[in-house]
Amino acid sequence: MGEDNETMITEFLLLGLSGKSEQEEVVFGMFLWMYLVTISGNLLIILAISCDPHLHTPMYFFLANLSTVDICFSSVTIPKALVNHMVGSKSISYMECMVQIYFFITFINMDGFLLSVMAYDRYVAICHPLHYTLMMRPRLCVLLVVISWVITNLHALLHTLLMVRLTFCSHNAVHHFFCDPYPILKLSCSDTFINDLMVFTVGGVIFLTPFSCIVISYVYIFSNVLKMPSACGIKKALSTCGSHLTVVSLFYGAILGVYMRPSSSYSLQDTVATVIFTVVTPLVNPFIYSLRNRDMKGALRKTILRC
């Protein structure tokens, strides 16, 4: 191996989505607008739930946590891309990149766990309405969120430590707007077999366990709903799940298509797909949950008028 290839890199270059200056201006404007809307929309959701006693229920407790995670998730990736564009730089230090990977994995997994907990909440509300208060006690709700945070942080720590052990040589250009683990793995001049193995085993379990819980919950929900005698009851039951199902479809549809494959197969098309769950999903969550929910719309209206 030549001397140039043995040189250890201290930073990565984030080339963005297009690589063309005129297109980057458009992308910058879109990302700035989407980030501001994401932060303000999710903050409004959190404030509305906090200020309205009628929304102090398990479902809205989980929704407030989801909005908090979405704010953090967006803040891990987008601000660095915006700052780099403004200062005319594409670099991110090695340490910054590893930190970004850690929090990216933490928050993306936390989104999945919260969506699965919310699916379980809907299952209990529809299939066991008389026992809902007993089964979804406040202490259990807090415990579910705490356990989710512990699991996601341990999972992120595992993958980050495996990433740190790799050697990166002369190639440091990342065709992305943030340090996505897969493009970073492709730059390594070390053997990434262990990393890929952990993605498919541990990572697969962490991704697919919440997804399986969501699927099982909705199988029970739909089987129970179809037994309801009145069409009005069916419509009411399904209306409480519509928002959640929309978010789940957006989130898992993009993730399963990108990360449930070897890192070597990662392409530019996958880079565009990651925008769906890193930028679009946190942006649309407040709109999906508020526009389809009468109680949420009322609470948001009160919060805005109070401000």
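Basic side chains Lys and Arg get +1 at the Cβ, acidic Asp and Glu get -1 at the Cβ, and with that the dipole of the chain about its Cα centre reaches some 1720 debye.
Peptides 90-99, 128-137 ranked from most to least packed by the mean count of surrounding Cβ atoms within 10 Å: 90-99, 128-137.
Counted residue by residue at 0.36 nm each, then reduced by the alpha carbon distance between them, the extension gain from Leu166 to Val83 reaches 27.1 nm. With a Cα cut-off of under 24 Å and a minimum spacing of 8 residues unless on different chains, the lysine pairs in the chain number 10. Phi angles across the stretch 112-128 convert, under the Karplus curve 6.51 cos²θ - 1.76 cosθ + 1.60 with θ = phi - 60°, into 3J(HN,Hα) values of x, 5, 5, 5, 6, 5, 5, 5, 5, 4, 5, 4, 5, 5, 8, 8, 9 Hz, Gly and Pro given as x.
With N residues in the stretch 103-142, what two-decimal value do you get for its Cα radius of gyration over 2.2 N^0.38 Å?
Rg over 2.2 N^0.38 Å, computed on Cα atoms: 1.39.
Taking Cα centre as origin and charging only the Cβ of basic (Lys, Arg, +1) and acidic (Asp, Glu, -1) residues, the dipole magnitude of the stretch 76-207 rounds to 220 debye. Using C-alpha pairs under 8 Å with a sequence gap of at least 6, the mean separation divided by the residue count of the chain gives a relative contact order of 29 percent. Reported to the nearest whole Å, the Cα centre-to-centre distance from the stretch 66-141 to the stretch 178-193 is 23. Atom-type composition of the exposed protein surface of the stretch 73-195 places 71 percent of the accessible area on carbon and sulfur (1.4 angstrom probe). Projecting the alpha carbon convex hull of the stretch 84-166 along each direction and taking the average yields 7.8 nm².
Here, the chain yields an orientationally averaged convex hull projection of 17.7 nm² when only Cα atoms define the hull. As a size descriptor, the averaged projected area of the C-alpha convex hull of the stretch 55-214 was calculated at 10.8 nm². Annotation: per residue accessible area for the chain equals 49 Å², rounded to a whole number [probe 1.4 Å, protein chains only].
Using the average count of surrounding beta-carbon atoms within 10 Å as a protection proxy, the listed peptides 213-221, 298-306 rank, highest first, as 213-221, 298-306. From most to least packed by mean Cβ count within 10 Å, the peptides 44-55, 100-111 give 100-111, 44-55.
The values are calculated or read from the model by the stated rules, or taken from the named source; none is laboratory data. Note that the structure is predicted; figures quoted are calculated from it, not measured. Please note: Cβ atoms are built from the backbone with ideal geometry, for glycine as well, and neighbour counts cover all protein chains shown. These accessible areas exclude ligands, DNA and RNA; they are computed on the full protein's heavy atoms, side chains included. Shrake-Rupley method; radii C 1.70, N 1.55, O 1.52, S 1.80 Å.
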